[in-house]
Amino acid sequence: MNMHAKHSADAETAEEGLAIQAAQAVHDSESATEVAMQNTLLTPRFYTTDFDEMDALNVDPVRADWDALLDQMRADPNRGHFKKTEDWEQIDWDGMEPGLRAEFIDFLISSCTAEFSGCVLYKEMKRRGTNPDICELFKFMSRDEARHAGFINDALREAGISVNLGFLTKAKKYTYFKPKFIYYATYLSEKIGYARYITIFRHLEAHPEYRFHPIFKWFREWCNDEFSHGEAFALLMKANPHLTRGRNVFWIKFFLTAVYSTMWVRDHQRPAFHAALGVDPAWYGQEVFAKTSEISRQIFPITLDIDHPKWQPRLEAMRRANVDLDAARKAGGITGRLRAVWAAARAGRAFVALLTIPALRNEVPASVRLEPAY
Ligand SMILES: [Fe+2]
Ligand SMILES: [Fe+2]
């Protein structure tokens, strides 16, 4: 590559960032793209929605906070950050223990897919919208997600693999969500993304001997981007209070439960990765849930009771059902299919059991805005 070519970290729009990645994509591996193509309940999905309804959102009720947040995004403090520097140590991918290598690559591919999923959704909103507030916000957020996805792809490329982002945009299946479900799901995924990245960053700051890959050094600025994306969705919900009232409180509980339990199941599928980081996935899960719950009190009238005696046992029941479901699918045949139906039913029952744990009421503050505090 030309030494003076622009890097996706410096791109000012999502389109520019993706074009730079596409130019580098000549060696993209089919297997990584295949992993990213998978559509199961647990892997990151691509979303589409009613863009006209989202475009009609009015942010006037939160104008002062909105303008301050958008000023910060416009100033773009992380421009140029998401690229390798002299702090990036070369990794001996071939020397890495094979179990760890497989799990770490899986982690990078699914993180890249999740970043890119946000990028595609936000970029589409920007493209279709006419409301200047909405279009500007989604322009900045898609710009950030394109840089994040591009940076993970840079890391993967060193291992001889990478995700073909252009192909994914065209070929991956899109799931339709009503706008209000997009607000709950993306608000939560931005905030839990912040909590996940900052928890790992702080842990490795205290225990640098566990930092087996340089990408973790970039996590602080990274999670600050996710934090401000979450702030934007909190303001959108604050400006439209019906979204967090009445029957919608049930949907908030549903999304909290879905996002937390999915994270629990997914993280426990990567024991070697967490052992290499010196992190117990159960501790990590509870820590991330606690931070996310504390943050989400800015806008959600409830939090989940993650210290309830039934909380962890029911998460575990869901995890075991998912392990059995995977095994049954791999086994195949008629017995495999029957076992899969039974395991899916058990996973569903565990999810409903989690939903029946009473939530904790929360008095939402008059002002939403928070700064990253962890
Ligand atoms: Fe991101
Ligand atoms: Fe984000």
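Within the group 195, 232, 185, which residue is in contact with a Ser or Thr (Cβ under 8 Å, 6 or more places away or on another chain), within 16 Å of ligand 1 (Cβ to nearest atom) and touching a residue at least 60 places away in the same chain (Cβ under 8 Å)? Lay out the reasoning, then the answer.
On the way: 232 fails: in contact with a Ser or Thr (Cβ under 8 Å, 6 or more places away or on another chain); 185 fails: in contact with a Ser or Thr (Cβ under 8 Å, 6 or more places away or on another chain).
Of the residues listed, the single one that is in contact with a Ser or Thr (Cβ under 8 Å, 6 or more places away or on another chain), within 16 Å of ligand 1 (Cβ to nearest atom) and touching a residue at least 60 places away in the same chain (Cβ under 8 Å) is 195.
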Going through segment 294-322 in order, the residues found to be in contact with a strand residue (DSSP E or B) (Cβ under 8 Å, 6 or more places away or on another chain) and polar (S, T, N, Q) are 296, 303
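Tell me whether segment 123-140 contains one or more residues that are among the aromatic types (Phe, Trp, Tyr), closer than 15 Å to residue 232 by Cβ and within 16 Å of ligand 1 (Cβ to nearest atom). Before you say what the answer is, go through the steps one by one.
Within segment 123-140, the first condition is being among the aromatic types (Phe, Trp, Tyr), and the residues that meet it are 138, 140.
So of that shortlist, the ones also closer than 15 Å to residue 232 by Cβ come out as 138, 140.
Filter again for within 16 Å of ligand 1 (Cβ to nearest atom), leaving 138, 140.
Yes, some residue in segment 123-140 is among the aromatic types (Phe, Trp, Tyr), closer than 15 Å to residue 232 by Cβ and within 16 Å of ligand 1 (Cβ to nearest atom).
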Pairing a residue in segment 68-87 that is aromatic (Phe, Trp, Tyr) with any residue that is not in a loop (DSSP other than H, G, I, E, B), where Cβ atoms lie under 6 Å and the two sit 6 or more apart in sequence or on different chains, gives 82/9; 82/147; 82/151
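Taking the stated definitions as given, is residue 257 in contact with a helix residue (DSSP H, G or I) (Cβ under 6 Å, 6 or more places away or on another chain), among the polar types (S, T, N, Q) and within 22 Å of residue 114 (Cα to Cα)?
Working: in contact with a helix residue (DSSP H, G or I) (Cβ under 6 Å, 6 or more places away or on another chain): yes; among the polar types (S, T, N, Q): yes; within 22 Å of residue 114 (Cα to Cα): yes.
In short, yes.
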Test: residue 65 is surrounded by 17 or more Cβ atoms within 10 Å (Cβ to Cβ), of a type in the set (D, E, K, R) and modelled with pLDDT under 70
no
Residue count, segment 137-193, condition away from ligand 2 (no atom under 11 Å from the Cβ), closer than 18 Å to residue 225 by Cβ and polar (S, T, N, Q), comes to 1
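Considering 284, 260, which residue is closer than 18 Å to residue 210 by Cβ and aromatic (Phe, Trp, Tyr)? Can you show your working first?
On the way: 260 fails: closer than 18 Å to residue 210 by Cβ.
Only one candidate qualifies: 284.
Applying the selection to segment 116-169, what residues are of a type in the set (Gly, Ala, Ser) and either within 16 Å of residue 7 (Cβ to Cβ) or over 16 Å from the mean Cα position of the chain (by Cα) (or both)? Spell out how you get there, then give the answer.
Here is the first cut: in segment 116-169, the ones of a type in the set (Gly, Ala, Ser) are 117-118, 129, 142, 146, 149-150, 155, 159-160, 162, 166.
Residues satisfying the conditions are 129, 146, 149, 150, 155, 159, 160, 162, 166.
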>> Please determine whether any residue of segment 285-304 is surrounded by fewer than 17 Cβ atoms within 10 Å (Cβ to Cβ) and farther than 30 Å from residue 239 by Cβ.
In response: no
Taking segment 194-222 and keeping only residues that are within 14 Å of ligand 2 (Cβ to nearest atom) and either of a type in the set (A, V, I, L, M) or surrounded by 22 or more Cβ atoms within 10 Å (Cβ to Cβ) (or both), one is left with 194, 195, 196, 197, 198, 222
Taking segment 105-136 and the residues there that are aromatic (Phe, Trp, Tyr) and touching a Leu at 6+ places or on another chain (Cβ under 9 Å), the one that is farthest from ligand 2 (Cβ to nearest atom) would be 116
Checking 300, 254, 250 in turn, the sole residue that is touching a Ser or Thr at 6+ places or on another chain (Cβ under 7 Å) and closer than 30 Å to residue 369 by Cβ turns out to be 300
Can you confirm whether segment 358-371 contains a residue that is modelled with pLDDT of 95 or more and assigned to a helix (DSSP H, G or I)? no
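The values are calculated or read from the model by the stated rules, or taken from the named source; none is laboratory data. The structure displayed is predicted, hence computed values, not measured ones. Cβ atoms come from the backbone with ideal geometry, glycine included; neighbour counts cover every protein chain shown.
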